[in-house]
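Single-structure report; data block below.
The values are calculated or read from the model by the stated rules, or taken from the named source; none is laboratory data. Quick caveat, the model's predicted, so the values are computed rather than measured. Cβ sites come from the backbone with ideal geometry, for glycine too, and all protein chains shown count toward neighbours.
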């Protein structure tokens, strides 16, 4: 598929099946070809019918990439795999119409699509274009004062942008790990302590979690994976 380029990454991530792709401009013919790989239930998804072409593209490609990865691992025809969202928008994998214990996390930003598949245990991932958060590091809707102070301590604009993006991506990955989205302002999900591979984070209900995470800055994007 010449319009989806697999990106090589370092080996800093957990032993989970990850795929990262850069998407080039798709033609209507490309879309028509890809749609053949979706199952009938997948074509009933809300995002499939979105009039926003980018939303539709991300829905389509995220599932195609996951199905391709899973079909290789499970030795199944991709047409027999369905990735459907539950009422909270969490992707659930079905084979032969049966729910599996495979967990999927999908993230997209700019022209990047990042997917992860893992059996039994949950995983949360996020892909965030760094320039998208430019001038947002003091946004009190997104960040707590403690987080803003941590960002402002950085000496250069690039360092501020990187730590700002990392903090945001950890929050996004965390709510996916919890199989939920933000139900309050993102600042209500609070990073209390942040080390190189460990994070102490307080959720919207005030419960504290101690978690491991991996991250990488690549081609202008921040990639984060978090697990319990």
| query | Which is under 28 Å from residue 162 (Cβ atoms), assigned to a helix (DSSP H, G or I) and within 16 Å of the chain's Cα centre (by Cα), of 106, 65? | reply | 65
| task | Determine whether the stretch 15-24 contains at least one residue that is modelled with pLDDT under 85, exposed (fewer than 11 other Cβ atoms within 10 Å of the Cβ) and within 24 Å of residue 215 (Cα to Cα). | result | yes
| task | Test each condition in (1) crowded, with 19+ Cβ neighbours inside 10 Å; (2) under 20 Å from residue 46 (Cα atoms); (3) modelled with pLDDT under 90 for residue 87 and report the one that comes out false. | result | (1)
| query | Do we have residue 204 as over 20 Å from residue 102 (Cα atoms), out of contact with any helix residue (DSSP H, G or I) (no Cβ under 9 Å at 6 or more places or on another chain) and modelled with pLDDT of 90 or more here? | reply | no
| Of these, 144, 130, 183, which one is over 17 Å from residue 226 (Cβ atoms) and surrounded by fewer than 16 Cβ atoms within 10 Å (Cβ to Cβ)? | 183
| note | The correct count of residues that are in a helix (DSSP H, G or I) and either in contact (Cβ under 8 Å) with a residue 12 or more places away in the chain or closer than 20 Å to residue 126 by Cα (or both) in the stretch 69-90 is 7
| said: I'd like the residue in the stretch 22-62 that is in contact (Cβ under 8 Å) with a residue 40 or more places away in the chain and part of a helix (DSSP H, G or I) and, out of all such residues, is farthest from residue 128 (Cα to Cα). | reply: 42
| Any chance residue 121 is closer than 30 Å to residue 73 by Cβ and part of a loop (DSSP other than H, G, I, E, B) | yes
| query | Does the stretch 149-156 contain at least one residue that is touching a helix residue (DSSP H, G or I) at 6+ places or on another chain (Cβ under 9 Å) and surrounded by 18 or more Cβ atoms within 10 Å (Cβ to Cβ)? | reply | yes
